[in-house]
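First comes the structure, then the notes that go with it.
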Amino acid sequence: MAEKYDAIVVGAGIGGLAAALMLSHRGRKTLLLEKHRFLGGRLSSFDRRGFHVDLGVHLISRSDKGPTGDVLRRVGIPDPIQYIKVRPRSSYQGKVLTFPHDFKEMVSEKDFNGLMNFLGEIRFMPEEKMKEYDDVYLQTYLSQYTEEPMIHGWVESISGIYTGSPISLASTGEFMRCFKWEAETRASGYPDGGCSAISDAYGDGIRKFGGEIKLGAEVQKIEVGRGSVNGVMVGDEVYQSDVVVSNADIKNTVLNLVGADHFQSDYVDYVKGLRYSGGGATVVRIALDKKLTDIMMLGHIATFDREAYAKKLQSGIIPDELGLMVVVPSNFSTKVAPEGKQLICVVSGGLGRGAPKELKEALAEAIINTTESIVPGLRQHTLWTNTMTPDDLANTLGEDGAGIGIAQIVGQVGDKRPKIKTPIEGLYIVGGEAGGTGVGIELCINSAIEFMDEHFPLA
């Protein structure tokens, strides 16, 4: 006889983990199913030759002061995660700069004042009013303050970190929320021990409250009858529940795990038309035999002409100098690299899914070259490198929206974000695919919080 649960969560990405933790804490008999042998999705880590390496390259926007800590506080667990805080910096033409203030020496007084007014308006704007700008392109809104290409290029780099989208597509309202929250808390940081420390803390909490976690358990089908869910199938096993929470990608959930025939055609067309975030970032991890740099997080700007830069990459031309985000996890935490050694993680955007192998290899080589201009002696002291392209990430996690999820662009945020509750009774979607707002990991956790507050509120 199939076992019955109060709730089944499909997928142990951070959104699924957060939902399962809060459901378990509420006393719901909860089962979390994950097809991989690890928790956390893109917030997981792996070990390689003595180094503890994150699958993604993350700084948590608000650390314990944001939703990552909010979930643990909700369930009464004193935050077990220690964060090392950092204020990101930028480099351009060989100089380390602190933007926006250093723009004062780089642009006209009028344009600098325009930038500061743009940022000031966001800082003091009530969040309720920000919703009015959900359907305004960020580029359009910024242009009211300044047309200076340098400033547009810098804001685009920030938009890429926040939303994974260029300012020509990104939602102003979503950018505003991300910027305001981060500016108010000033708590960006890295979890001691690597990003898997967050996933492990959530997993430990689920088990503490009686939840069950099954790894290596791939869901083949979400069972539906008469317009309601009644469980899931894993291999030959059927697990019953009238509540199924999917953290397995909205398109995969609707079109494959459930099946399009269970939904009305207009909903299926809507889901098919949803756009994922750019997801075009290539990550190169570099293990060094000695410490070469004190950098913690540095955004390296190759050019402020982001449009020309992107067109060059899309046409198969790799620039000599690349725009990069350099994060050195071993400068945050001694637990991620052997003593005396260093781990550097570098991210560069521009190539999407399906790029030719030769182009991927050329980009990885150019990433290392540019990084060495920032960290002299890099190649000489390299123990090993590991490259992960957008295709590699999608293949590793088995989902198309592996970058951030459904893009935070005009038409897909706020009230127009995919709804957590689907047309099928008892079927919900959480994570980077429905509901929520915020930067990356926090978007996914906010989605789970929204799910609980709207559909399983405290009595």
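Closer than 21 Å to residue 181 by Cβ and assigned to a loop (DSSP other than H, G, I, E, B), is that true of residue 56?
Values: closer than 21 Å to residue 181 by Cβ: yes; assigned to a loop (DSSP other than H, G, I, E, B): yes.
Yes: the conditions hold for residue 56.
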Please list, ordered by first then second residue, the pairs with beta carbon atoms under 6 Å, 6 or more apart or interchain, first in region 143-160 and within 13 Å of residue 116 (Cα to Cα), second of a type in the set (Lys, Arg) and open to solvent by less than 30 Å² (accessible area, probe 1.4 Å). none
Given the structure, is residue 219 touching a residue at least 40 places away in the same chain (Cβ under 8 Å), open to solvent by less than 20 Å² (accessible area, probe 1.4 Å) and either touching a Phe, Trp or Tyr at 6+ places or on another chain (Cβ under 6 Å) or assigned to a loop (DSSP other than H, G, I, E, B) (or both)? yes
I need the full set of residues from region 22-53 which are among the hydrophobic types (A, V, I, L, M, F, W, C) and in a loop (DSSP other than H, G, I, E, B), in order please. 38, 39
Would you call residue 238 within 30 Å of residue 2 (Cβ to Cβ), in contact (Cβ under 8 Å) with a residue 12 or more places away in the chain, open to solvent by less than 10 Å² (accessible area, probe 1.4 Å) and in contact with a Gly (Cβ under 7 Å, 6 or more places away or on another chain)? no
Across region 129-147, what is the total count of residues that are open to solvent by 40 Å² or more (accessible area, probe 1.4 Å) and either over 28 Å from residue 60 (Cβ atoms) or at pLDDT below 95 (or both)? 6
Being polar (S, T, N, Q) and not in a loop (DSSP other than H, G, I, E, B) is the filter here; which residues of region 412-459 pass it? 446, 447
Filter result for the condition that a residue is of a type outside the set (Gly, Ala, Ser), in a helix (DSSP H, G or I), on the phi < 0 side of the Ramachandran plot and touching an Asp or Glu at 6+ places or on another chain (Cβ under 8 Å), over 207, 177: 177
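Of all the helices (runs of 4 or more DSSP H) wholly in region 299-374, which have at least 1 residues that are modelled with pLDDT under 85, touching an Asp or Glu at 6+ places or on another chain (Cβ under 7 Å) and among the hydrophobic types (A, V, I, L, M, F, W, C)?
Working: elements: 306-314, 329-332, 357-374.
Ranges flagged: none.
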Given (1) among the hydroxyl-bearing types (Ser, Thr, Tyr); (2) open to solvent by less than 40 Å² (accessible area, probe 1.4 Å); (3) free of Cβ contacts under 8 Å to residues at least 12 places away in the same chain, residue 265 misses just (2)
Within region 309-350, residues out of contact with any Gly (no Cβ under 9 Å at 6 or more places or on another chain), polar (S, T, N, Q) and open to solvent by 40 Å² or more (accessible area, probe 1.4 Å) come out as 315, 334
Please go through region 1-57 and pick out each residue that is on the phi > 0 side of the Ramachandran plot and of a type in the set (Ser, Thr, Tyr). none
How many residues does region 383-401 hold that are touching a helix residue (DSSP H, G or I) at 6+ places or on another chain (Cβ under 8 Å) and modelled with pLDDT of 80 or more? 3
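Taking residue 96, is it open to solvent by 30 Å² or more (accessible area, probe 1.4 Å) and not in a helix (DSSP H, G or I)? Break it down stepwise before answering.
Details: open to solvent by 30 Å² or more (accessible area, probe 1.4 Å): yes; not in a helix (DSSP H, G or I): yes.
Yes, satisfied.
Could you pull out the residue among 135, 111 that is of a type outside the set (Ser, Thr, Tyr) and closer than 22 Å to residue 436 by Cα?
On the way: 111 fails: closer than 22 Å to residue 436 by Cα.
Selected residue: 135, the only one of 135, 111 that is of a type outside the set (Ser, Thr, Tyr) and closer than 22 Å to residue 436 by Cα.
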Matching option when the condition is touching a residue at least 24 places away in the same chain (Cβ under 8 Å) and of a type in the set (Asp, Glu), among 6, 47: 6
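This table checks each residue for (1) touching a Ser or Thr at 6+ places or on another chain (Cβ under 6 Å); (2) closer than 20 Å to residue 404 by Cα; (3) in contact (Cβ under 8 Å) with a residue 40 or more places away in the chain; (4) open to solvent by 40 Å² or more (accessible area, probe 1.4 Å).
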{"position": "10", "(1), (2), (3), (4)": "yes, yes, yes, no"}
{"position": "21", "(1), (2), (3), (4)": "no, no, yes, no"}
{"position": "29", "(1), (2), (3), (4)": "no, no, yes, yes"}
{"position": "40", "(1), (2), (3), (4)": "yes, yes, yes, no"}
{"position": "63", "(1), (2), (3), (4)": "no, yes, yes, no"}
{"position": "83", "(1), (2), (3), (4)": "yes, no, yes, no"}
{"position": "92", "(1), (2), (3), (4)": "no, no, yes, no"}
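The values are calculated or read from the model by the stated rules, or taken from the named source; none is laboratory data. The model shown is predicted, which means the values in this text are computed figures rather than measured ones. Every residue, glycine among them, receives a Cβ derived from its backbone with ideal geometry; neighbour counts consider all protein chains shown. Remember, those area values only see protein heavy atoms, side chains included, never the ligands or the DNA or RNA. Shrake-Rupley method; radii C 1.70, N 1.55, O 1.52, S 1.80 Å.
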